[in-house]
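**Q** Next up is a structure, given as structure tokens.
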Amino acid sequence: MTNPPDDVLRSLDDDARLMAQILLRTARHASLATVEPETGYPMASRVAVATDADGAPTLLVSSLAPHTAALANDSRCSLLFGEPGKGDPLAHPRLTVSGRAELLASGDPRHARVRRRFLSRHRKSTTYADFGDFSFVAIAIERARLNGGFARAYALSPDDLCASVEEALAEAEADIIDRLSTAPDVAANLASRLLRSDELGWRVATLDPTGFEMMLGDRIERIVFSRPARTPDDYDMLFKQLLDSGGEEASE
């Protein structure tokens with residue numbers, strides 16, 4: 001099968017890149033396609049997803065699941081992100097990423113961070129995440145395709161979706177979120193000023209140098225900083241700017 005002709009694809013711009021990043025970073029689940037070992041046929045399943053600090057998709061899989069055996073046999077896989085809304089489901093944005101899955105051993109330096117970020121998004125998974133037959137998986141993206149709606153198709157590279165993160169910034173995330181969660185009314189003010197929501201219960205769930213996710217129940221919203229954080233100390237300034245500007249210096 002040949003690739004679609006170039007004239008089917010639009011030139012990638014900042015708006016399309018941001019749309020793809022938000023689809024990836026705000027997803028709670030995705031369709032996972034793997035290669036069935038016994039037959040070589042494609043096999044699709046639904047999986048819960050999160051992202052590492054750099055934007056790479058992460059999964060929590062059971063050794064009893066067929067897709068886990070498939071990934072162990074052939075690490076190539078594809079994930080489809082995007083929530084159909086009202087009307088034509090093909091009119092809504094979706095993102096397909098293709099890459100290779102890597103099982104994260106407990107001693108892997110990424111394991112604790114991936115675990116923390118995943119469980120912050122999927123709190124009910126805490127009850128079984130540490131069972132012996134469950135493992136965290138990171139997906140190394142090799143290519144991606146965004147369909148933003150009718151006649152809005154784009155090809156993306158790994159660099160369009162993921163950005164390397166300094167270790168100090170990645171490790172600062174947990175402490176900063178703890179401080180935000182204990183500071184009086186910070187989450188409520190962020191939700192009110194940035195999301196225009198006065199509902200109670202919003203929290204900052206995950207944080208990375210380019211932005212953060214807020215959650216209320218199953219709802220996830222991403223806020224993008226006006227510029228990336230370069231040091232852990234930058235986070236305080238970036239959050240203060242967002243609150244002072246009422247969200248004018250951020251994008252969702």
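The values are calculated or read from the model by the stated rules, or taken from the named source; none is laboratory data. Computed from a predicted structure; not experimentally measured. Here the Cβ is made from the backbone with ideal geometry for all residues, glycine too, and neighbour counts use every protein chain on show.
**Q** Mind checking whether some residue in segment 175-198 is in contact (Cβ under 8 Å) with a residue 60 or more places away in the chain and under 18 Å from the mean Cα position of the chain (by Cα)?
**A** No, the conditions are met nowhere in segment 175-198.
**Q** Is it true that Ala44 is touching a Leu at 6+ places or on another chain (Cβ under 8 Å), under 21 Å from Arg145 (Cβ atoms) and of a type in the set (Gly, Ala, Ser)?
**A** Numbers: touching a Leu at 6+ places or on another chain (Cβ under 8 Å): yes; under 21 Å from Arg145 (Cβ atoms): yes; of a type in the set (Gly, Ala, Ser): yes.
Judged against the criteria, Ala44 is a match.
**Q** In addition: I'm checking my understanding of the structure. Among residues of segment 143-190 that are surrounded by fewer than 17 Cβ atoms within 10 Å (Cβ to Cβ) and among the basic types (Lys, Arg), which one is farthest from Ser78 (Cα to Cα)?
**A** Ranking the qualifying residues of segment 143-190, first place goes to Arg179.
**Q** Here's something else I'd like to know. Just one of Ala16, Ala44 is at pLDDT 95 or above and loosely packed, with under 15 Cβ neighbours inside 10 Å; which is it?
**A** Working: Ala16 fails: loosely packed, with under 15 Cβ neighbours inside 10 Å.
Exactly one of Ala16, Ala44 is at pLDDT 95 or above and loosely packed, with under 15 Cβ neighbours inside 10 Å, namely Ala44.
**Q** I'm trying to understand the selection: among the residues of segment 52-109, which are in a strand (DSSP E or B) and exposed (fewer than 14 other Cβ atoms within 10 Å of the Cβ)?
**A** Start the filter on segment 52-109 by keeping residues that are in a strand (DSSP E or B), which leaves 57-62, 76-81, 94-104.
Hit for segment 52-109 is Ser62, nothing else.
**Q** Suppose the filter is modelled with pLDDT under 95, assigned by TED's automatic domain parsing to the domain that holds Leu18, surrounded by fewer than 16 Cβ atoms within 10 Å (Cβ to Cβ) and more than 14 Å from the chain's Cα centre (by Cα); does Lys124 pass it? Outline the logic, then answer.
**A** Working: modelled with pLDDT under 95: no; assigned by TED's automatic domain parsing to the domain that holds Leu18: yes; surrounded by fewer than 16 Cβ atoms within 10 Å (Cβ to Cβ): yes; more than 14 Å from the chain's Cα centre (by Cα): yes.
For Lys124, the condition - modelled with pLDDT under 95, assigned by TED's automatic domain parsing to the domain that holds Leu18, surrounded by fewer than 16 Cβ atoms within 10 Å (Cβ to Cβ) and more than 14 Å from the chain's Cα centre (by Cα) - is not met.
**Q** Still on this model: Report, by residue number, each residue of segment 147-206 that is in a helix (DSSP H, G or I), touching a Pro at 6+ places or on another chain (Cβ under 7 Å) and among the small types (Gly, Ala, Ser). Let's see the steps before the verdict.
**A** The initial filter retains those residues of segment 147-206 that are in a helix (DSSP H, G or I), namely 158-161, 167-182, 186-194.
With the extra rule that they be touching a Pro at 6+ places or on another chain (Cβ under 7 Å), the set shrinks to 168-169, 172.
Scanning segment 147-206 gives Ala168, Ala172.
**Q** How many residues does segment 131-166 hold that are of a type in the set (Phe, Trp, Tyr) and more than 21 Å from Gly85 (Cβ to Cβ)? I'd like the intermediate steps shown before the answer.
**A** Of all residues in segment 131-166, those of a type in the set (Phe, Trp, Tyr) come to 131, 134, 136, 150, 154.
When the remaining residues are screened for being more than 21 Å from Gly85 (Cβ to Cβ), the result is 131, 134, 136.
Number satisfying all stated conditions: 3.
**Q** Right, another one. Looking at Ala140 and the list (1) among the aliphatic types (A, V, I, L, M); (2) exposed (fewer than 15 other Cβ atoms within 10 Å of the Cβ); (3) modelled with pLDDT under 95; (4) not in a helix (DSSP H, G or I), which single condition is not satisfied?
**A** Just one mismatch for Ala140, condition (3).
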